[in-house]
Every structure is written in structure tokens, then in C-alpha cells.
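Worksheet: the structure to be examined is printed underneath.
The values are calculated or read from the model by the stated rules, or taken from the named source; none is laboratory data. Quantities reported herein were computed from a predicted structural model and do not represent experimental measurements. We place every Cβ from the backbone using ideal geometry, glycine too, and count neighbours over all the protein chains shown.
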Number of protein chains: 2
Amino acid sequence: MGKPIAVSPLSRPLPDLSTVAGVRLSAVAAGVRYQGRTDLMLAEFAPGTVVAGVYTRNACPGAPILWCRQAQTTPYARALLVNAGNANVFTGRAGIQACEDCADAVSAMFDCPPQDVFLASTGVIGEKLPQQRIIDALPAAQAGLDENNWEQAARAIMTTDTFPKAARRDVTINGTPVRLQGIAKGSGMVAPDMATMLAYVATDAKIPQNILQSLLSAGCAKSFNAITVDSDTSTSDMLVLFATGLADNEPVTGPHDPALAEFTEALNDLLLELAILVVRDGEGATKQIRVDVTGADSDVSAHRIALSIANSPLVKTAIAGEDANWGRVVMAVGKSGEPADRDRLSVAMGGTWIAREGGVVENYDEAPVVAHMKGQDIEITVDLGLGDGQARVWTCDLTHGYIDINGSYRS
Amino acid sequence: MGKPIAVSPLSRPLPDLSTVAGVRLSAVAAGVRYQGRTDLMLAEFAPGTVVAGVYTRNACPGAPILWCRQAQTTPYARALLVNAGNANVFTGRAGIQACEDCADAVSAMFDCPPQDVFLASTGVIGEKLPQQRIIDALPAAQAGLDENNWEQAARAIMTTDTFPKAARRDVTINGTPVRLQGIAKGSGMVAPDMATMLAYVATDAKIPQNILQSLLSAGCAKSFNAITVDSDTSTSDMLVLFATGLADNEPVTGPHDPALAEFTEALNDLLLELAILVVRDGEGATKQIRVDVTGADSDVSAHRIALSIANSPLVKTAIAGEDANWGRVVMAVGKSGEPADRDRLSVAMGGTWIAREGGVVENYDEAPVVAHMKGQDIEITVDLGLGDGQARVWTCDLTHGYIDINGSYRS
């Protein structure tokens, strides 16, 4: 699998994890591809758990994505099974069969319909999934189910990740305490090999499925859909939210019910924390980059411009070189295809305006900019001077480490 | 300017260059930014020379682009002045003034209207162009004008280029011999600092301006608009074609006049040769990559899919690692947003089909693929299995060299 990869300099320790009522997890070594580590994660959800999901927009998705989209047509989930090492993508009819076999085995274990079983696979693509190894490991996985196994689950789904990723929030709905806790994996935004982005969040809150889906879709837009490592989009990305309802809070009436305000804020915050952890484990990343665009024609336009900047190899390599190269930012704005007027454009790095309304700011103070560029958290702000549209996205720099990881991955 | 950059392993020697009747060139050291090398190129065209141009689509173009677009509103050109080291981009009113000053000085020298003077600047952006240094160097440039200075001109416009680029074709129009000869610079497709793509082609053919423009626009679509190094688009890109008319061939009636068939083919061929030279000098490039897409919904769709593949960092790093990672090609097709059906998709590398109609070709012969990936010229073919749309684009691999060049460029 190539040389071992050092832990990202931007890694963060796991937070203090707890349990979520109605959720039990386990992690076992099924030997799908890796040896000497866990590679299979099983989660069991209490009967009545509802589920919301957001899946990759890649037009060539893997078999597990097709499976989950179909499973998503009913509101319930009883189990989640994720393997690392093989993505079960571009595997034709055999890939579908592998999903059916796994879901059948899990549904028999939990005495539930197969469509209440959610599946994911992450790893190499184009190789048939050895589903029998997974099915053979299921009894051990079932025996190991425990409320406290969140960290083990986070580790079992890692591929090129250099650190496990999890987040937790405790809030209330109408005075009833509820918890949100989630795990994620991914280190290229979302590349097809080992770098697929998977995120699973559970809560004990009691929220109808349609409301849960609204909250998740809205939260995803400002978190997982606002990060990019290399502009590549995996065939297997998914973000799934399970609500067991065991907190037994009072019923909520809709996504904008004031009783959900605190929960929604915590969900959005948790999703953003998980998404940023993926960026911070970006392949070869040495710096996290936040791009703010204001004054654009619309929010959609601002988002496209922000992604054009965040995906520009020239911007990303400049930041790796600690160079406040605002000229490349201007280029990236210009190439986005969105409305822009060179003579109204302003660019700041680390809060210092370097260019204002079409020209460099004469004699701007370089010292804070130089100091900012040497740090790990880089902030780029662009004001278009056109309207009220704004957006914020996150990415990481582009370094030799990215080439190392991706130029020799399968060797 | 950072460490010296080794000559690209994909470099090609200059072809046997000749003269073009009605064109004289010179190269001098104006000291715009570089020391100890020529950095200013002047070309003089015979009175009556007509000109066609294609300019960057970047929404934040440099002042010289604005100047040339305006100059393009009349059919004639008498001179071309190009400096390296400073791009005169994002320089506000001062940038426009610099263009006016330079054009006025050249127009006085040649006793022509300022709008018959074409200008280009390539180099760092956001710094004011020291136009007086250029104007001071003009007498020496004028004194040095000579029909034989094509190589000198090609060298004077280089920035991060590691080798000079030129091409030549000799053909006939209705039996009259005519010549096409051109030079280019560029080594990132077309990045905002030193890597802007500039190309200038001259011919002695007598072709009306509107026909010349049709031929150039069509030829550009299949050459300079079909290459990419890093998906970034310069604020200064331009391709300009000058026709002196001194060959005095019989009049032509339109772009599809059969008398122009040979000329058009030679022009297209020459433009492609120059464009591929830019790819072969791609920053850090060690391999040239040709991407063919067939069976797409339309030619436009095929072109977008081919660019999605050619711009994918994961595809480009895999090829740098000599890995026939067709899974990443599938991912890049899927993320393009264009119609695709995973179960009809086929992928070949070096002419060997690795995946067919949605699955890996069992027991395909790996030996020729492995040998192909070790070469310098990589061919990827994707068949969508949907329709008749096809496209071909060129790019290069993504290596540590790209990071070296772009991560420390201004330091």
C-alpha cells in the first residue's frame, strides 16, 4: 500500500465521546483488504429509528450508493454496515449482488426488512467486493455491539485518513436533553480510491423523517458541500443522519419549529466540525484555508467563486509556499465564469486588505500578512463590490504530500 | 526568482525556422524585471497586414488584453510589442496608461495609428509596468529589426518556460507558395504569473481579415482551447495571427474556399503543434497526456468530459506515478456533470481496453499497459456508449515539479 503516511500536522484529538441512546456499534477485522486492523463497522439502531441522507452527485456512483438511495425510500433504519479497503464501485451486477447479500445477512440478524439496512464501502474501485468475508465476520460484529464503541467505529472506516474523526453536541428540544454524535472519514475531498467521504451522525432526538431530511440537507450545504480538497468528487460519498427518538422530546412541527432552533444550530455546527476535520486531513495538507466571498451578484455566484478559488492549484500551491499571492486569487475569480468587475474587486489575506477596487493597496502593512501566511489557518477574503451575495468554503493547501499519496497509491 | 528550473524532459528542439515576407523582429534587454536576458520583443509588419485574434475569457483580463480587443476593431496591424517579467494586470488606470504610452511610442516609430500596435505583457501581476524602461529600449529594438530573428523573439517572451517554442508550415494557395510561422510561450495552461499563454503566428498569405478570423477561431478550438495544464486560466492569454499578404496569392472568397483547404489544414496543424509544445513545457510535466472521448451525447459534452479527466488532480498524479488507474478516470467522467451511464462506460489506456461496459475486463493483458504508462506519451480513451459526440484534449501529469515551481515562485 505504499509508504506509511505521517499523521496530518493539522490533526485534532478526538473529543470526549459519549453514547447515543438506541445506538450500539462494533468494529471487527474482516480482512477485506487490510491486514492487522479493523475494517468493518456495524451499527444497530433501535426499532423506529428514522434516517435522512445526502448522497454523491457523481453520475457513476458505487453499488452501495444505489442501495442506500433505494433504502431511503422508506423512513426507517435498523442497521449500518461499512467496510474499508474496497469501494464496491464499477463492479457491475456483482456489486449489486454483494449489497443484496450483505443486507440480507444483516436483516436476518436484526429481523428487519433489508431496506432498513444501510451499506457503505470505501477503498479501491473496480475490484469485486469479497462479500463472504464480510458476512463471515458479522456474528463477531453482532457480538461486539456496544453503546461505547464510537471511537472504534471511527477507526474501522479509515482508509488514507491519518486520524479518526468524530464530533459531539448536547442540546435540548423544548427542555428535553438530546445528543448528537457523529463520525466521518475522508482525506481527499472525496476521491474515488481510499478517499471517499463518509459521515454518520446519530441523535436520540425524536424528529419525523421529513423534517430530519430538511435539516440535514440544509446543514450539508454549508458544511460538506462547502469543502473541497482537490475538486474531485467520489463515487461513494454519503452523509447519513439517524434519529432514534429515544430522548422522547415533545413532537416538533416542522424544520422551522422554534423548539428545533438549538438542535439545528448544533447539527449545523457538528456537520461543519466533521467537514473541517476532513479538510484538515486533506491529502498532504499543511494548512487549512477558509475562503470568504462577499459582495457577489448572488449567494450561488459567491459559492461558485469561492470554490473556484479553493480549487485553484495555483492558489493552493502559493499558500503551501506561504506566499500571499493575491494575483492568483484574482485569476481564480476571473476564471469562475461568474460576474466580476476587476475595478471593484478587493482581496484580503488574514484580514489585511492587499488589493482594493482594482489595484494593490500602496504601502499596505506586509508584516501581519507575512505572519499570517506562516500560520496553519489561512483566511482569504474577496469582495466583489457588486451585490449582497456571500459564501464561505474551506479547503487545504496543495503540497508534495498530495503528489506522494496520489502518485503511488496503488503501488 | 527561486531556484533555476531544469529544462522539461518533454522539450523539443526548435524546428528549422525561416522568414515570413513582410515580418521583421527584434529582441532586446529592457530590464523590466529580469536581468541578463532579453525581455522585450518587437515585430514590424508590412503596411496592409491584417490581423485576427483570440483573447482570454477570464473576466479580470490585463490592460494589454483590453488594448488588443480595442485594436482588433480595425483590420490592420503594423507592430507587436511584448514584454516578459511584468503582466500589467490588476494595475488599474496606470495599466491603461502604460499601454497608451507604449502604443504611442511604437506608432510614432512606424508612423501608424496607435490601434495598429498590438501589445502583450507577461509576468508578475499587480505591479505597475515600468513602461519608461520599455520605451527607452524601443530605439534599440527598432534598429535590430530583422527577418531572421524568430528564434530571438521566441526566447525574449519566455517566463517560466524551459524551452523556446516555434513551428512552421509551407503550403500553397491556388499554386502560390505561402508560409505560416509562429512562436508561443506558456507553461502552466495559462496561469496568471509567469505562465500566461501567448502565441503569435504570421503568414505572407493574402487573406481578408474576416476570413482570417474565422480560420483562427476554428483552429483555436481544436488546439489552444483543447489543452490544459492545471485548469487555471490566465488574465493575459492571447493567440494572434498576422497576414501580410505579400505572397500575393489569388483572392479567396471565404473560409471554406477550396483554395484555402491546404492552408487551413496547415494552420490547424501549426496551432496544435504550438499548443502541444505548451503542454510539454507544463510546469513540472514529465508526461504528455492525450484524452480521447467518444460515444458522448454531443461533441460539447465530450469536450467537457475530456477536460474533466484532463483537469483531475487524481488522474494526473496517478499518471505521474505510472499507474493505469482507470477508476479515477471513471470518477472524473462522473463528476463532469455530463450524461454518462456507468454500465456503458469503457476505458482504455494506450489502446488496451481495461474496462468495458461497466466492469473491468477480466484477465486483460496488463503488460502493454504497464509498458505504455512508463512512456512519455500517455493515451487515455473513454467511450461513453451513448451517442456520436467526440473530443480530444491534451494535458500533462501533475508532479512534485509543479509544487516546486508554484509554491515558491515569488520568493
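Just a few scattered comments:
- Selected residue (only one of A:Thr253, A:Thr352, A:Thr264 is β-branched (Val, Ile, Thr) and under 19 Å from A:Lys374 (Cβ atoms)): A:Thr352
- Every listed requirement among (1) of a type in the set (Lys, Arg); (2) touching a residue at least 24 places away in the same chain (Cβ under 8 Å); (3) in contact with a Phe, Trp or Tyr (Cβ under 9 Å, 6 or more places away or on another chain) is met by B:Arg69 save one, (2).
- Among the residues of the range B:24-37, the one identified as under 21 Å from the mean Cα position of the chain (by Cα) and of a type outside the set (Gly, Ala, Ser) is B:Leu25.
- Among the residues of the range B:344-383, not one is within 13 Å of chain A (Cβ to nearest Cβ), touching a helix residue (DSSP H, G or I) at 6+ places or on another chain (Cβ under 8 Å) and among the polar types (S, T, N, Q).
- Any hit, the range A:10-27, residues being of a type outside the set (Phe, Trp, Tyr), in contact with a Cys (Cβ under 8 Å, 6 or more places away or on another chain), away from every other protein chain (no Cβ under 14 Å) and surrounded by fewer than 24 Cβ atoms within 10 Å (Cβ to Cβ): yes
- Helices (runs of 4 or more DSSP H) contained entirely in the range B:130-236, each with at least 2 residues that are in contact with an Asp or Glu (Cβ under 8 Å, 6 or more places away or on another chain) and modelled with pLDDT of 85 or more: B:131-143
- Looking only at residues in the range B:289-342 that are at the interface with chain A (Cβ under 7 Å from one of its Cβ atoms), over 21 Å from the mean Cα position of the chain (by Cα) and not in a helix (DSSP H, G or I), the one that is surrounded by the fewest Cβ atoms within 10 Å (Cβ to Cβ) is B:Asp323.
- Qualifying residue in the range B:361-380 (condition: within 30 Å of the chain's Cα centre (by Cα) and surrounded by 20 or more Cβ atoms within 10 Å (Cβ to Cβ)): yes
- Remark: A:Gly126 matches the filter, which requires a residue to be within 14 Å of chain B (Cβ to nearest Cβ), modelled with pLDDT under 95 and either surrounded by 21 or more Cβ atoms within 10 Å (Cβ to Cβ) or more than 23 Å from A:Leu267 (Cβ to Cβ) (or both).
- From the options A:Val28, A:Val32, A:Val23, A:Val54, residue that is modelled with pLDDT of 95 or more, under 25 Å from A:Ile207 (Cβ atoms) and β-branched (Val, Ile, Thr): A:Val23
- Boolean, B:Asp111 is farther than 21 Å from B:Leu270 by Cα, in the same structural domain as B:Ala29 (by TED's automatic domain parsing) and free of Cβ contacts under 8 Å to residues at least 12 places away in the same chain: yes
- Residues satisfying the stated conditions in the range A:239-283, i.e. touching a strand residue (DSSP E or B) at 6+ places or on another chain (Cβ under 6 Å) and among the acidic types (Asp, Glu): A:Glu262, A:Glu273
- Scope the range B:384-411; condition out of contact with any helix residue (DSSP H, G or I) (no Cβ under 6 Å at 6 or more places or on another chain), away from chain A (no Cβ under 14 Å) and among the small types (Gly, Ala, Ser); matching residues: B:Gly387
- For the range A:367-383, the condition holds for at least one residue, the condition being that it is in contact with a Ser or Thr (Cβ under 8 Å, 6 or more places away or on another chain), touching a residue at least 60 places away in the same chain (Cβ under 8 Å), not in a helix (DSSP H, G or I) and not polar (S, T, N, Q).
- When residues in the range B:114-123 are screened for being more than 14 Å from every other protein chain (Cβ to nearest Cβ) and out of contact with any helix residue (DSSP H, G or I) (no Cβ under 6 Å at 6 or more places or on another chain), 1 of them pass.
- Scanning the range A:343-360 for residues that are over 30 Å from the mean Cα position of the chain (by Cα) and not in a helix (DSSP H, G or I) turns up A:Leu345, A:Ser346, A:Thr352, A:Trp353, A:Ile354, A:Ala355, A:Arg356, A:Glu357, A:Gly358, A:Gly359, A:Val360.
- Scanning the range A:245-284 for residues that are in contact (Cβ under 8 Å) with a residue 60 or more places away in the chain, touching a helix residue (DSSP H, G or I) at 6+ places or on another chain (Cβ under 6 Å), at negative phi and not in a helix (DSSP H, G or I) yields A:Val252, A:Glu283.
- From the list B:Gly358, B:Gly375, the one residue that fits, being assigned by TED's automatic domain parsing to the domain that holds B:Ile319 and more than 23 Å from A:Cys60 (Cβ to Cβ), is B:Gly375.
- There is no residue in the range B:63-80 that is buried (at least 23 other Cβ atoms within 10 Å of the Cβ) and in contact with a Lys or Arg (Cβ under 6 Å, 6 or more places away or on another chain).
- Residue match in the range A:115-123 (condition: more than 23 Å from the chain's Cα centre (by Cα), surrounded by 19 or more Cβ atoms within 10 Å (Cβ to Cβ) and part of a helix (DSSP H, G or I)): no
- Total residues in the range B:34-60, condition within 14 Å of chain A (Cβ to nearest Cβ) and under 13 Å from B:Thr122 (Cβ atoms): 1
- For the range B:90-101, the count of residues that are part of a loop (DSSP other than H, G, I, E, B) and within 14 Å of another protein chain (Cβ to nearest Cβ) is at least one.
- Within the range B:131-154, if we keep just the residues that are without any contact (Cβ under 8 Å) to a residue 40 or more places away in the chain and surrounded by fewer than 16 Cβ atoms within 10 Å (Cβ to Cβ), the residue that is farthest from B:Ala202 (Cα to Cα) turns out to be B:Gln132.
- Among the residues making up the range A:271-298, those that are modelled with pLDDT of 95 or more and over 22 Å from A:Gly350 (Cβ atoms) are A:Asp297, A:Ser298.
- Cross-chain or 6+ apart pairs with Cβ under 6 Å, the range B:78-104 first and on the phi > 0 side of the Ramachandran plot and in the same structural domain as B:Val28 (by TED's automatic domain parsing), then in a helix (DSSP H, G or I) and surrounded by 24 or more Cβ atoms within 10 Å (Cβ to Cβ): B:Asn88/B:Ala63; B:Asn88/B:Pro64; B:Asn88/B:Gly95; B:Asn88/B:Ala98; B:Phe90/A:Val330
- Applying the set (1) closer than 30 Å to A:Ile173 by Cβ; (2) within 14 Å of chain B (Cβ to nearest Cβ); (3) charged (D, E, K, R) to A:Glu262 leaves exactly one unmet item: (2).
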